[in-house]
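**Student:** Below: one structure in structure tokens.
The values are calculated or read from the model by the stated rules, or taken from the named source; none is laboratory data. The structure displayed is predicted, hence computed values, not measured ones. Don't worry about glycine lacking a Cβ; one is built from the backbone with ideal geometry, like all the others, and counts go over all protein chains shown. Side chains included, ligands, DNA and RNA excluded: accessible areas come from the protein's heavy atoms. Shrake-Rupley method; radii C 1.70, N 1.55, O 1.52, S 1.80 Å.
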Amino acid sequence: MSWTRKLTLAVCSAAFFAAVNAAQAETVLRVRPFGDLKQIDPVITSDYMVRNHGYMVYDTLFALDQDLNVKPQMVETFTVSDDKLTYRFVLRDKLAFHDGKAVTSADVVASLNRWMERDGLGQQLKAVTAQLDAADSKTVVLRLKQPWGLVLDALGKPSSNVPFIMPASIAATPANTAITDPMGSGPFIMKRDEWVPGSKVVYIKNPNYVPRADAASGLAGAKLAKVDRVEWRYIPDAQAAINALRAGEIDILEEVPPDFLPALKNDANIRTRPQDSLGMQMVFRMNTIQPPFDNPKIRQAIRYMIDQEAFARAFVNDPALYKDCPSFFMCSSPYFTDAGWVKPDIRKAKQLIAESGYDGTPVVILHATESGPTNTFSLVAAQLMREIGLKVEPQAMDWGTLVGRRASKEPVGKGGWSLFMSGPTGADMMDPAGHLGLRSNCDRAWFGWPCDEEIEKLRTAFSNEPDHAKKVEIAKRIQLRAVETVPYWPAAQLHLVRGVRTSVDGILNAAIPVYWNITKK
Amino acid sequence: MLGYVAVRLLSAIPVLGIVAVFVFFLLTMIPGDPAQVIAGDFASPEQVQQIRAALQLDRPLAERFVAWALRLASGDFGKSLFSGIPVAQLVGQRIEPTLMLATMTVCIAVAIAVPLGLVAAYKPGGWVARASMTVAVLGFSLPVFIVAYLLVYPFALGLRWFPVQGYVPLSQGLWACLHSLTLPALALSLLYIALIARVTRAAVLEVLREDYVRTAHAKGLAERRVLVRHVLRNAAVPVVTVVGIGFAALLGGVVVTETIFSIPGLGRLTADSILRRDYPVVQALILLFSTVYVVVNLGVDLIYAAIDPRIRY
């Protein structure tokens, strides 16, 4: 063989193997998530990053479709007895965990028991549960002490804490101790050996996953992993993340800061879309057990002070990305009502402060400076409170300090606090049962500890009521009462934005950002 | 010499012990609560308390200190309160990027700054001296994040010669690793170029006035030989000191550079762990940094002896 033939053969062989390698190359979806995955137990924490991780590796019995209807997910069929006391759930065939072992009803019972220890809605379910048992390997039976209208809503709860199903051996971990094994039966498997906290999380396609036959819709339907590998690359600097998206080093960028949106809109390779279908509600959370916000009249003045549009526009200028929503419930919630809502009126706010007997106690704002919307909203809140005659003492700090400080029930002079801003996702602000801000059960309520027996009675009535129309009516009564007691006040609804390269397709319109069904060219 | 090294290393033990005690109590004094961070924004106070109890953070301080000190004495740094990953493993993941970045930065800085300083001293008033002064002013006055973005826009976003961010581990090839670190190392090295060039220039200027340099010239030695063998070697002690301190500082973490270029190094691990109050990780990192300073200082002292025969231990 002459040297020219040898050379031609070598070149052809190299080209062939290169083509084969390219055909077999992994499809890798690179995502810059909005935060860092600090831990992996979706039950011990309400951290949204851990919830999103949960959707990668776990599956749920029920899930919300894109129209917010609860649909069976791991469940094939279910029945409810005529007296509404017994629920029988039959699991789908061939459900398997990442190690190939079958998902059984014993796993479901153990997972739900652990979840019911921690989650607010889960605790309500536990309180009305007489028995939760595995009838056989595929059938779970839930017996209630009394009819409870939120069983399916609870099992299909979309946001923290989500009732994810994990192996019984892992779910046996006490609910106050974090699990360290991320094994689930979801569409992706976490590569724990490649996890670098603060930098990278790697998921690969789960070969054992058996999707539903129905099409993907929101968080429900077929969860088809259409890429081989998903890498979450945490890039803390927003500018660096934007640059990485523009350079094609990442495919999706969660929570694009609003001031970067114009730059992305001019890039033909990038499009923007809402991060999730529901958005978030900004919460103006007051400490109701210490002066000055222990005075209901001052809290009522705050209602008139808050102009949602003014707050929102300080953060984002695009009207498509915020909403002035006159309700404690998200505007997209079936329980939305504007009953009793008050319109912003600074003069009225000043008048109420004057009538309140305000003694000049400073309003100590716990101001977390590193978080986008809460930083901006805290600044606006401080300025507006000064305008209505309150003495304001903003205290800049990092989020870690804030969460430590807000647990204090002391007066402001002894390290206590008066106000912090927060931004729960819309899925957590949809109905009275799961609504953290409206809970008014005193010491057991969220930080700020509002206390109102009537709201709690109405919330219980809402949970027990099976009829939707009556639930809507109860939600309205809760709102009317909360407008009076002011456990908190919504400061706007925001839509966060994802930047996505045009090579990526199939992103679902879901209440939570999820990464199945996505293809990459 | 070996005896000297042994004494220095032994004398570091009480230093590290004092640092350990100081760090433990300092961390307990800063506000914040890891249990609350673990529980998330929407956990109830009751749930936070349960986590605090599970992590034994509700135990008396003295009891926690004794438990921690006993573990430390047996070489166990504990586990991250968040990920549950052993601290030694977490720190191990981050050492390589930091070590590579520090080494590359120092190499670039020394390669540019020492000749620059030498020539600037040898020909004061020349264009090299003026360039050296300009670099020094820029290096001292431009914050590293500005330099970083000034490099990223043309070389990463424009010409696409380098990645915008990220770190390629050594296991994927030396070239790929160095390629990923080029821009961050250049951004960081500007300050060190300025510093080392200034120190080199000052030290060389001083040595150039020495009698033995005049003697070397009188003997008819070549200019280059005089500069390298007689001047530079005698001017090296302050330069080595600055390089050593710089190297230790770089190993201690360069949070801003690691953040802008998304390099998973020790600096970011330190900042993240402080922000989330991951006490075992912060304690281990500060002990590590203290050890680095002790070892680097010892190394610098040994280099003194190697380059200057008058120094003996």
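**Student:** Give me a count of the residues in the range B:63-102 that are in contact (Cβ under 8 Å) with a residue 40 or more places away in the chain and open to solvent by less than 70 Å² (accessible area, probe 1.4 Å).
**Tutor:** 21
**Student:** So, one more: Of the residues A:Lys71, A:Lys94, A:Lys38, only one is farther than 26 Å from A:Ile179 by Cβ and of a type outside the set (Gly, Ala, Ser); which?
**Tutor:** Only one candidate passes the filter, namely A:Lys71.
**Student:** Hey, could you check the range B:152-161 for residues that are within 14 Å of B:His179 (Cβ to Cβ) and either surrounded by 15 or more Cβ atoms within 10 Å (Cβ to Cβ) or of a type in the set (Val, Ile, Thr) (or both) and say which is nearest to the other protein chains (Cβ to nearest Cβ)?
**Tutor:** B:Ala156
**Student:** Looking at the range A:28-40, which of its residues are at the interface with chain B (Cβ under 9 Å from one of its Cβ atoms) and open to solvent by less than 10 Å² (accessible area, probe 1.4 Å)?
**Tutor:** Once the filter is applied, which keeps residues that are at the interface with chain B (Cβ under 9 Å from one of its Cβ atoms) and open to solvent by less than 10 Å² (accessible area, probe 1.4 Å), the range A:28-40 yields A:Leu37, A:Gln39, A:Ile40.
**Student:** Does A:Trp417 satisfy the criteria of being touching a residue at least 60 places away in the same chain (Cβ under 8 Å), buried (at least 23 other Cβ atoms within 10 Å of the Cβ) and closer than 27 Å to A:Arg477 by Cα?
**Tutor:** In short, no.
**Student:** Counting residues that are under 30 Å from B:Ala39 (Cα atoms) and touching a strand residue (DSSP E or B) at 6+ places or on another chain (Cβ under 7 Å), which helices (runs of 4 or more DSSP H) fully inside the range A:324-413 reach at least 2? Lay out the reasoning, then the answer.
**Tutor:** On the way: elements: A:346-355, A:372-387, A:399-405.
The qualifying helices (runs of 4 or more DSSP H) are A:372-387, A:399-405.
**Student:** Let me ask something else about it. Could you tell me which residue of the range A:165-188 is nearest to the other protein chains (Cβ to nearest Cβ), considering only residues that are surrounded by fewer than 23 Cβ atoms within 10 Å (Cβ to Cβ) and within 24 Å of A:Leu224 (Cα to Cα)?
**Tutor:** Across the range A:165-188, the extreme among qualifying residues is A:Asp181.
**Student:** Looking only at the range A:261-288, count how many residues are closer than 16 Å to A:Leu438 by Cα and part of a loop (DSSP other than H, G, I, E, B).
**Tutor:** The initial filter retains those residues of the range A:261-288 that are closer than 16 Å to A:Leu438 by Cα, namely A:280-288.
Subsequent filtering for residues that are part of a loop (DSSP other than H, G, I, E, B) retains A:287-288.
Result for the range A:261-288: 2.
**Student:** For residues in the range A:289-299 being out of contact with any helix residue (DSSP H, G or I) (no Cβ under 6 Å at 6 or more places or on another chain) and farther than 19 Å from A:His435 by Cβ, which is least open to solvent (accessible area, probe 1.4 Å)? Lay out the reasoning, then the answer.
**Tutor:** Residues of the range A:289-299 that are out of contact with any helix residue (DSSP H, G or I) (no Cβ under 6 Å at 6 or more places or on another chain), as a first pass: A:289-291, A:294-296, A:298-299.
Applying the additional criterion that residues be farther than 19 Å from A:His435 by Cβ yields A:289-291, A:294-296, A:298.
On the way: A:Ile289: 68, A:Gln290: 31, A:Pro291: 51, A:Asp294: 68, A:Asn295: 38, A:Pro296: 65, A:Ile298: 3 Å².
By that ranking, first place goes to A:Ile298.
**Student:** Just the residues that are within 14 Å of chain B (Cβ to nearest Cβ) and crowded, with 18+ Cβ neighbours inside 10 Å, please, taken from the range A:368-394. Quick ask: steps written out before the conclusion?
**Tutor:** In the first step, residues of the range A:368-394 are kept if they are within 14 Å of chain B (Cβ to nearest Cβ); the result is A:368-371, A:373-374.
Across the range A:368-394, the qualifying residues are A:Ala368, A:Ser371, A:Pro373, A:Thr374.
**Student:** Any chance you could count how many residues in the range B:269-290 are facing another protein chain (nearest Cβ under 8 Å) and under 15 Å from B:Phe22 (Cα atoms)?
**Tutor:** Residues meeting the conditions: 0.
**Student:** Moving on to the next point. Consider the range B:50-62. How many of its residues are farther than 14 Å from A:Pro174 by Cα and open to solvent by 50 Å² or more (accessible area, probe 1.4 Å)?
**Tutor:** Number satisfying all stated conditions: 6.
**Student:** I've got another one for you. Hey, any hits in the range B:30-45 for a residue that's at pLDDT 90 or above and over 30 Å from A:Leu436 (Cβ atoms)?
**Tutor:** No, the range B:30-45 contains no residue that is at pLDDT 90 or above and over 30 Å from A:Leu436 (Cβ atoms).
**Student:** Does the range A:202-241 hold any residues that are under 19 Å from A:Pro274 (Cα atoms), in contact with a Pro (Cβ under 9 Å, 6 or more places away or on another chain) and surrounded by fewer than 23 Cβ atoms within 10 Å (Cβ to Cβ), and which are they?
**Tutor:** Passing the criteria: A:Gly218, A:Ala238.
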